[in-house]
1. So if I take the centroid of the Cα atoms in segment 36-58 and the same for segment 70-124, what is the distance between those two points in Å?
2. Just to confirm a number: summing +1 for Lys and Arg and -1 for Asp and Glu over residues other than Arg49 whose beta-carbon lies under 11 angstrom from that of Arg49, what do you get?
3. Identify the residues of segment 72-116 with backbone N under 18 Å of a label point that sits 7 angstrom from the Cα of Arg26 along the Cα-to-Cβ direction, or state none.
4. Excluding ligands and nucleic acids, what accessible area in Å² is computed for Val50 using a 1.4 Å probe, to the nearest 10?
5. Tell me the relative contact order for segment 23-124 as a rounded percent, counting alpha carbon contacts under 8 Å between residues six or more apart.
6. Please report, in whole Å, how far the alpha carbons of segment 72-124 spread along each principal axis, starting with the longest.
7. Along the Cα→Cβ direction, 7 angstrom out, place labels at Ala33 and Glu56. What is the inter-label distance in nm?
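The values are calculated or read from the model by the stated rules, or taken from the named source; none is laboratory data. Predicted model only: the values in this text are computed from it and were never measured. Cβ coordinates were reconstructed from backbone atoms using ideal geometry, including for glycine residues, and neighbour counts include every protein chain displayed. Just so you know, the surface numbers come from the protein's heavy atoms only, side chains and all, with ligands and any DNA or RNA stripped out. Shrake-Rupley method; radii C 1.70, N 1.55, O 1.52, S 1.80 Å.
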Amino acid sequence: GTAAVAAAGPLQALAGSATVDSRMARLTADDFAPFVGDEFQLEGESQRRVSARLVEAQPGRAEGARPKHLPRSQPFSLVFRTSAGDELVQESHTVRHRDLGTLALLLVPISANRGSQRMEAVFN
């Protein structure tokens with residue numbers, strides 16, 4: 001699932017005065033692709049703040065027509081990699097980027113290697 005857009009930046013401009021849910025529904029992997037390799041600040045509900053790099057912004061596989069009740073025409077995922085020693089738990093995180101703005105996303109750990117960790121957000 002997806003959490004809500006929580007503030008300003010270019011993401012807010014996607015929908016102007018539209019509701020939070022409609023802004024989220026309009027986001028695509030292409031909106032994040034220019035920021036792959038950039039550093040983001042992640043802050044979980046536990047108030048732990050760490051830096052992480054966006055390492056992937058990938059469209060999901062959509063086999064067949066998506067049901068009309070789903071707000072998004074194409075699912076996608078974002079993968080962030082933390083630095084060594086900065087392990088996070090699955091929870092909602094405030095995700096900040098200097099140019100992109102702020103999002104609230106559910107991040108799930110998907111792998112760990114040499115102390116760094118990969119966290120994924122899925123947009124259905």
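1. So the separation of the two Cα centres works out to 6 Å.
2. That sum, taken over residues with Cβ under 11 Å, equals 0.
3. Within reach of a label on Arg26: 72-76, 100-104.
4. 10
5. Result for segment 23-124 is 26 percent.
6. Here the Cα extents, ordered largest to smallest, are 36, 23, 17 Å.
7. 1.7
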